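**Q** The structure under discussion is supplied below as structure tokens; questions concerning it will follow.
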């Protein structure tokens with residue numbers, strides 16, 4: 001099969017479009033013929049070796065944790081899925097990923113893809129939507145009628161978080177640059193803070209119940225936001241943590257999260273997509289051959305970069 005792999009850590013130039021063996025399927029796994037995958041900033045961190053102490057990879061390695069496609073083969077103990085099923089998945093980050101014509105996944109991590117969008121677009125959903133779901137609901141315990149601040153609201157995770165928070169019935173405030181305002185307004189956001197010209201602490205006139213931080217700002221900057229939380233409120237951060245001692249003094253909570261694979265949640269998200277509550281925000285499409293171009297622009301993109309593997313699926 002054709003795949004993009006890297007044989008050593010380094011810059012985007014280490015990515016090679018080349019032949020690789022089709023992976024074998026174990027009893028609890030499925031083989032997916034890939035329609036599309038999506039680029040995530042974490043893919044670039046892994047490629048650079050920045051996470052190798054905590055997430056060591058077996059090289060050569062095929063990147064990309066998001067995938068959509070059609071099941072080609074199932075293991076002997078798999079009962080919930082069938083050959084021919086149209087599926088999407090958030091893959092194990094430590095195993096070869098979706099930047100290939102075929103990928104193997106534990107069946108427990110795979111869900112039926114949304115039926116009301118094309119299969120390729122479904123690849124832009126899994127990791128971003130699940131990070132948003134877990135950050136807002138599992139850790140932030142966001143409820144209808146509450147106020148939530150989402151930083152980096154126009155990114156791949158942020159755009160999903162805005163939609164999920166609106167579906168829940170929250171009042172949604174987001175930080176973004178001016179070029180993303182129209183996209184966020186289309187998603188139904190209630191208020192936008194221009195992070196290039198406005199500070200969260202000065203702009204917010206009323207405290208919030210939940211902060212979901214997706215911005216790359218330092219811990220010192222994130223800690224300042226604890227002051228805009230209501231008593232008992234929660235700051236959930238996917239990146240740099242806030243000061244826990246200050247949080248205790250202010251009687252607020254702070255959580256540093258790492259997304260977990262969960263096919264049940266992914267199936268719930270597929271339902272929301274089919275009901276029209278959530279849609280992927282895709283800002284660019286690339287063929288698999290040009291995956292390195294996405295790595296070269298890391299940090300400069302909004303929404304998701306979709307990588308087309310097979311445009312016939």
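The values are calculated or read from the model by the stated rules, or taken from the named source; none is laboratory data. A quick note: this is a predicted structure, and the numbers were derived from the prediction, not measured. We place every Cβ from the backbone using ideal geometry, glycine too, and count neighbours over all the protein chains shown.
**Q** Being in contact with a strand residue (DSSP E or B) (Cβ under 7 Å, 6 or more places away or on another chain) and surrounded by fewer than 15 Cβ atoms within 10 Å (Cβ to Cβ) narrows it down to one of 72, 19, 53, 29, so name that one.
**A** 19
**Q** Tally time: how many residues in the range 162-191 are more than 18 Å from the chain's Cα centre (by Cα), under 20 Å from residue 277 (Cα atoms) and outside any helix (DSSP H, G or I)?
**A** Looking only at that region, the number is 9.
**Q** Which of the numbered conditions does residue 247 fail, given that it passes all the others? Conditions: (1) without any contact (Cβ under 8 Å) to a residue 24 or more places away in the chain; (2) assigned to a loop (DSSP other than H, G, I, E, B); (3) surrounded by 17 or more Cβ atoms within 10 Å (Cβ to Cβ).
**A** (2)
**Q** Test residue 262 against the stated conditions and say whether it is under 21 Å from the mean Cα position of the chain (by Cα), assigned by TED's automatic domain parsing to the domain that holds residue 180, surrounded by 16 or more Cβ atoms within 10 Å (Cβ to Cβ) and touching a residue at least 60 places away in the same chain (Cβ under 8 Å).
**A** Spelling it out, it is not the case that residue 262 is under 21 Å from the mean Cα position of the chain (by Cα), assigned by TED's automatic domain parsing to the domain that holds residue 180, surrounded by 16 or more Cβ atoms within 10 Å (Cβ to Cβ) and touching a residue at least 60 places away in the same chain (Cβ under 8 Å).
**Q** Next up: In the range 32-50, what residues are modelled with pLDDT under 95, surrounded by fewer than 20 Cβ atoms within 10 Å (Cβ to Cβ) and not in a helix (DSSP H, G or I)?
**A** Result: 49, 50.
**Q** Further question: Does residue 70 qualify as being outside any loop (DSSP other than H, G, I, E, B) and closer than 16 Å to residue 261 by Cα?
**A** When the stated conditions are applied, residue 70 does not pass them.
**Q** So how many residues does the range 275-289 have that are surrounded by 15 or more Cβ atoms within 10 Å (Cβ to Cβ), modelled with pLDDT of 95 or more and out of contact with any helix residue (DSSP H, G or I) (no Cβ under 7 Å at 6 or more places or on another chain)?
**A** 2
**Q** Modelled with pLDDT under 95 and either closer than 27 Å to residue 37 by Cα or part of a helix (DSSP H, G or I) (or both): does that describe residue 159?
**A** no
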